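Here is the structure we will look at, set down as structure tokens.
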Amino acid sequence: MGKFKHIEDFFKKYKWKYILGIFVLLFVDGLQLITPKILGYVTDALSAHTLSMKEIFFYAFLIVLIAVFIAIFRYLWRMLIIGSSRQLEFWLRNKLFSHLEKLSLNYFYHNKTGDLMAHATNDINAVRMAFGMGVVMMTDAIFLTASTIIIMMVSIDIKFTLIALIPFPFVALIVTFFGKLIQKRFKRVQETFSSLTDKAQESFSGIRVIKSFVQEESEINNFAKANEINLQANMNLVKVWGAMSPLVIFLPTLSFVITLYYGGTLVIDKVISLGQLVSFISYLELLTWPMMAIGHVINVLQRGIASMTRINEILDTEPEIHDDDNTLDIDNFEESIEFRNLSFTYPGAKVPALSDINIKLEKGKTLAVIGKTGSGKSTLANLLLRLYNVEEGSILLGGYDINKIPIDLLRRKIGYVPQDNFLFSCSIRDNIAFADENMPFEKIEEAAKITSVHDDIIGFPNKFDTQLGERGVTLSGGQKQRVSIARAIAKNPGIMIFDDCLSAVDTKTEEKMLSNLKEVTKDRTSIIIAHRISTVKHADEIIVLDEGRIIERGTHDELVALGGYYSSIYHKQLLEEKIAGQE
Ligand code: ADP
């Protein structure tokens with residue numbers, strides 16, 4: 001049962017529903033077996049002229065009554081079995097999502113979002129099918145087939161039954177074979193459809209580029225091509241369906257021909273009665289479904305197991321970064337930071353992103369990090385947030401090894417402003433209050449004021465309730481940045497990390513922001529990652545990174561006097577400002 005270990009808990013809770021469901025299903029199957037018997041009896045009695053109108057009415061009423069019971073109990077087993085399978089889908093999807101949310105960052109770099117989405121949709125659907133219709137089909141395939149055939153043999157004729165049923169196993173075979181083919185082609189339809197939607201989506205998000213390069217026509221052509229591929233895939237699917245349905249209907253017809261011919265002879269020879277022949281035909285009709293079920297159930301169960309295996313793989317993945325036995329039982333630490341002989345290489349990378357970093361930052365001080373793209377600046381932030389484990393050298397926070405600090409505590413104490421200023425598609429209020437949904441409005445407002453985005457927000461018709469994202473307002477790069485900083489400040493962290501987040505604003509806005517930020521960073525330990533000298537020059541210490549190493553360090557004045565890399569970009573940027581000023 002190893003395959004189902006992750007859903008054991010679910011079945012513990014739902015097992016009685018399944019058992020009752022199967023019981024009701026068997027009951028319905030049993031009821032179905034009565035009607036052909038009644039039909040046979042009525043036919044015999046009619047041909048013997050021994051049936052009164054009253055009796056005819058009674059049997060007709062009985063058939064209706066059975067049909068009503070079947071209808072009621074069908075509803076019941078659907079609610080019990082199919083209903084439970086929907087509960088399973090709901091339960092498993094929540095479990096998968098909450099597990100994925102807890103996995104480490106590295107997992108998401110190595111698994112495409114599209115693949116994860118496929119697990120969350122296709123694989124969960126397949127598991128649901130196996131534990132829904134799969135269970136129903138298996139029950140019917142076993143019970144209905146066996147009981148119908150036994151009744152036909154016992155109450156009518158063994159040889160007749162065996163001969164008439166010859167075409168039926170082929171129904172099962174055809175359904176199995178075509179079922180596999182249908183599944184394969186259906187998958188292809190889904191793939192082509194998702195690349196079609198990707199194409200459209202990309203086209204709409206890139207509409208500015210498309211228009212400026214006058215590429216509408218070629219986009220239209222590309223879309224038409226992708227659409228054509230989808231059509232082809234759909235047509236291929238229609239073809240298999242088209243071939244399967246007539247075959248599945250044709251084979252039972254063969255059975256009926258045999259029945260009519262062979263059964264007719266038996267009636268003429270008086271081996272069986274006319275009534276028995278009528279029952280026989282009704283039973284044959286009844287058998288068509290379980291024969292198809294045998295064919296389907298194999299595919300449905302196979303697919304369900306394959307999907308369960310893929311889901312298990314995800315659920316068995318442990319987050320690389322988690323609290324363990326070495327985690328300290330602390331609920332706070334002093335906000336001093338020390339990098340000691342720290343080196344770091346990304347998993348799978350060949351060259352280290354950081355080498356031999358030594359920095360001591362006292363509580364309340366500001367460290368600025370400057371350097372070319374790819375020099376390792378963001379890696380420092382990633383390690384401080386413990387998005388990756390520190391393995392060589394150490395980072396000490398308030399004297400504690402970062403690997404021993406409870407992860408939640410660590411991250412709660414850090415206000416992080418990411419490089420891309422990612423915001424969620426919800427209201428500005430909810431974006432700023434992201435750390436705590438019960439954040440009082442005054443705190444949200446205050447954070448917006450400190451980052452000078454308050455006036456912009458008040459200018460929108462819905463103010464703080466303005467929706468962001470696809471169906472909402474598009475903020476300018478600078479506004480996004482300021483909301484993103486407000487979000488980090490609102491949680492009132494002891495440590496602030498600004499990851500190159502001021503690069504999109506012009507120098508004037510930057511100046512204003514910096515003077516506001518001074519207020520924010522005054523009592524907080526801060527790390528400012530930047531490209532511009534103007535952003536970093538007031539820091540208590542500045543380090544210059546190059547290929548993961550510290551190549552220069554000191555205050556602004558010291559570094560300018562040093563005449564190295566820092567001073568060269570300082571002079572370059574001064575010159576740029578001068579030129580910009582003259583324009
Ligand atoms: P910066 O922030 O200074 O631009 P980064 O810290 O982002 O630089 O990157 C430092 C080095 O690590 C670069 O060579 C980059 O290609 C590499 N790197 C960054 N992120 C990853 C990752 N997730 N996996 C592997 N290598 C990475």
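Inside segment 163-180, can you point out the residues that are surrounded by 17 or more Cβ atoms within 10 Å (Cβ to Cβ) and within 16 Å of Asn236 (Cβ to Cβ)?
Passing the criteria: Phe178, Gly179.
Restricting attention to segment 536-579, and to residues there that are in contact with a Ser or Thr (Cβ under 8 Å, 6 or more places away or on another chain) and assigned to a helix (DSSP H, G or I), which single residue is farthest from Leu502 (Cα to Cα)? I'd like the intermediate steps shown before the answer.
Initially, segment 536-579 is screened for residues in contact with a Ser or Thr (Cβ under 8 Å, 6 or more places away or on another chain), giving 538-542, 545-549, 559-561, 573, 577.
So of that shortlist, the ones also assigned to a helix (DSSP H, G or I) come out as 559-561, 573, 577.
Numbers: Leu559: 22, Val560: 22, Ala561: 26, Gln573: 15, Glu577: 17 Å.
Across segment 536-579, the extreme among qualifying residues is Ala561.
What number of residues within segment 348-387 satisfy the criterion of being open to solvent by less than 20 Å² (accessible area, probe 1.4 Å) and among the basic types (Lys, Arg)?
Number satisfying all stated conditions: 2.
Out of segment 260-304, which residues are part of a loop (DSSP other than H, G, I, E, B), open to solvent by 50 Å² or more (accessible area, probe 1.4 Å) and in contact (Cβ under 8 Å) with a residue 12 or more places away in the chain?
From segment 260-304, those part of a loop (DSSP other than H, G, I, E, B) are 269-273; that's our starting set.
Among the residues that remain, those that are also open to solvent by 50 Å² or more (accessible area, probe 1.4 Å) are: 269-271.
Of everything in segment 260-304, just one residue is part of a loop (DSSP other than H, G, I, E, B), open to solvent by 50 Å² or more (accessible area, probe 1.4 Å) and in contact (Cβ under 8 Å) with a residue 12 or more places away in the chain, namely Val271.
Quick one: would you say Ser85 is in the same structural domain as Lys37 (by TED's automatic domain parsing) and farther than 30 Å from Pro36 by Cα?
Working: in the same structural domain as Lys37 (by TED's automatic domain parsing): yes; farther than 30 Å from Pro36 by Cα: yes.
When the stated conditions are applied, Ser85 passes them.
Considering (1) surrounded by fewer than 22 Cβ atoms within 10 Å (Cβ to Cβ); (2) touching a residue at least 40 places away in the same chain (Cβ under 8 Å), say which one Leu562 fails and leave the rest.
(2)
Residues that are in contact (Cβ under 8 Å) with a residue 40 or more places away in the chain and either acidic (Asp, Glu) or within 30 Å of Thr345 (Cα to Cα) (or both), at least 1 per element: which helices (runs of 4 or more DSSP H) completely within segment 28-117 meet that? Break it down stepwise before answering.
On the way: elements: 34-47, 53-77, 83-102, 105-110.
Correct list: 34-47, 83-102, 105-110.
Can you tell me which residue in segment 370-428 is farthest from the chain's Cα centre (by Cα), limited to those that are near the ligand (Cβ under 10 Å from one of its atoms) and β-branched (Val, Ile, Thr)?
If we filter segment 370-428 for residues that are near the ligand (Cβ under 10 Å from one of its atoms), which is where we start, we get 370-383, 387-388, 419.
Retained after the next criterion (residues that are β-branched (Val, Ile, Thr)): 370, 373, 379.
Values: Ile370: 38, Thr373: 33, Thr379: 28 Å.
Top of the filtered list is Ile370.
Taking segment 534-557 only, how many residues are within 16 Å of the ligand (Cβ to nearest atom) and open to solvent by less than 70 Å² (accessible area, probe 1.4 Å)?
Counting residues in segment 534-557 that are within 16 Å of the ligand (Cβ to nearest atom) and open to solvent by less than 70 Å² (accessible area, probe 1.4 Å) gives 10.
Could you grab me the full set of residues in segment 450-470 that are closer than 17 Å to Met496 by Cβ and either in a helix (DSSP H, G or I) or touching a strand residue (DSSP E or B) at 6+ places or on another chain (Cβ under 9 Å) (or both)?
Of everything in segment 450-470, just one residue is closer than 17 Å to Met496 by Cβ and either in a helix (DSSP H, G or I) or touching a strand residue (DSSP E or B) at 6+ places or on another chain (Cβ under 9 Å) (or both), namely Ile450.
Working carefully through the options Glu445, Glu437, find the one that is out of contact with any Lys or Arg (no Cβ under 7 Å at 6 or more places or on another chain), more than 16 Å from the ligand (Cβ to nearest atom), outside any helix (DSSP H, G or I) and more than 23 Å from His531 (Cα to Cα). Steps first, answer last, please.
Working: Glu445 fails: outside any helix (DSSP H, G or I).
Testing whether each residue is out of contact with any Lys or Arg (no Cβ under 7 Å at 6 or more places or on another chain), more than 16 Å from the ligand (Cβ to nearest atom), outside any helix (DSSP H, G or I) and more than 23 Å from His531 (Cα to Cα) leaves just Glu437.
Using beta carbons and a limit of 8 Å, which pairs, at least six apart or on different chains, have the first residue in segment 481-504 and within 16 Å of the ligand (Cβ to nearest atom) and the second one of a type in the set (Ser, Thr, Tyr)?
That search, which allows pairs on different chains as well, returns Ile497/Tyr416; Ile497/Ser526; Phe498/Ser526; Asp499/Ser378; Asp499/Tyr416; Asp500/Ser378; Cys501/Ser484; Leu502/Thr535.
Could you tell me which of the residues Ser194, Ser203 is touching a helix residue (DSSP H, G or I) at 6+ places or on another chain (Cβ under 8 Å), within 29 Å of Val300 (Cβ to Cβ) and surrounded by 13 or more Cβ atoms within 10 Å (Cβ to Cβ)? Full working, then the answer.
On the way: Ser203 fails: within 29 Å of Val300 (Cβ to Cβ).
From the options Ser194, Ser203, the qualifying one is Ser194.
Restricted to segment 329-347, and to residues that are of a type outside the set (Ser, Thr, Tyr) and within 16 Å of the ligand (Cβ to nearest atom), which residue is most open to solvent (accessible area, probe 1.4 Å)? Before you say what the answer is, go through the steps one by one.
Just the residues of segment 329-347 that are of a type outside the set (Ser, Thr, Tyr), to begin with: 329-335, 337-342, 344, 347.
Keeping just the survivors that are within 16 Å of the ligand (Cβ to nearest atom) gives 339, 342, 344, 347.
Working: Phe339: 5, Leu342: 1, Phe344: 14, Pro347: 64 Å².
Among those that are of a type outside the set (Ser, Thr, Tyr) and within 16 Å of the ligand (Cβ to nearest atom), it is Pro347.
In segment 284-302, is there at least one residue being within 16 Å of the ligand (Cβ to nearest atom) and out of contact with any strand residue (DSSP E or B) (no Cβ under 6 Å at 6 or more places or on another chain)? Please lay out each step first, then the result.
Quick first cut of segment 284-302, residues within 16 Å of the ligand (Cβ to nearest atom) only: none.
No, segment 284-302 contains no residue that is within 16 Å of the ligand (Cβ to nearest atom) and out of contact with any strand residue (DSSP E or B) (no Cβ under 6 Å at 6 or more places or on another chain).
Here is a check on your reading of the model: is Asn227 under 30 Å from the mean Cα position of the chain (by Cα), under 13 Å from Arg188 (Cβ atoms) and open to solvent by less than 90 Å² (accessible area, probe 1.4 Å)?
The answer is no for Asn227.
When the residues of segment 103-143 are narrowed to those that are open to solvent by 50 Å² or more (accessible area, probe 1.4 Å) and of a type in the set (Ser, Thr, Tyr), which ends up farthest from Phe11 (Cα to Cα)?
Among residues in segment 103-143 that are open to solvent by 50 Å² or more (accessible area, probe 1.4 Å) and of a type in the set (Ser, Thr, Tyr), the one farthest from Phe11 (Cα to Cα) is Tyr109.
For segment 412-435, name all the residues that are surrounded by fewer than 18 Cβ atoms within 10 Å (Cβ to Cβ) and aliphatic (A, V, I, L, M).
Within segment 412-435, Ala435 is the sole residue that qualifies.
Within segment 21-63, track down each residue that is of a type in the set (S, T, N, Q) and farther than 26 Å from Arg78 by Cα. Before you say what the answer is, go through the steps one by one.
So in segment 21-63, the residues of a type in the set (S, T, N, Q) come out as 32, 35, 43, 47, 50, 52.
If the condition is that a residue be of a type in the set (S, T, N, Q) and farther than 26 Å from Arg78 by Cα, then Thr43, Ser47, Thr50, Ser52 are the ones that fit.
The values are calculated or read from the model by the stated rules, or taken from the named source; none is laboratory data. From a predicted model like this one, the values you see are computed outputs, not experimental measurements. Note that we place each Cβ from the backbone using ideal geometry, even for glycine, and neighbour counts take in every protein chain shown. The accessibility values were calculated without ligands, DNA or RNA, using every heavy atom of the protein model including side chains. Shrake-Rupley method; radii C 1.70, N 1.55, O 1.52, S 1.80 Å.
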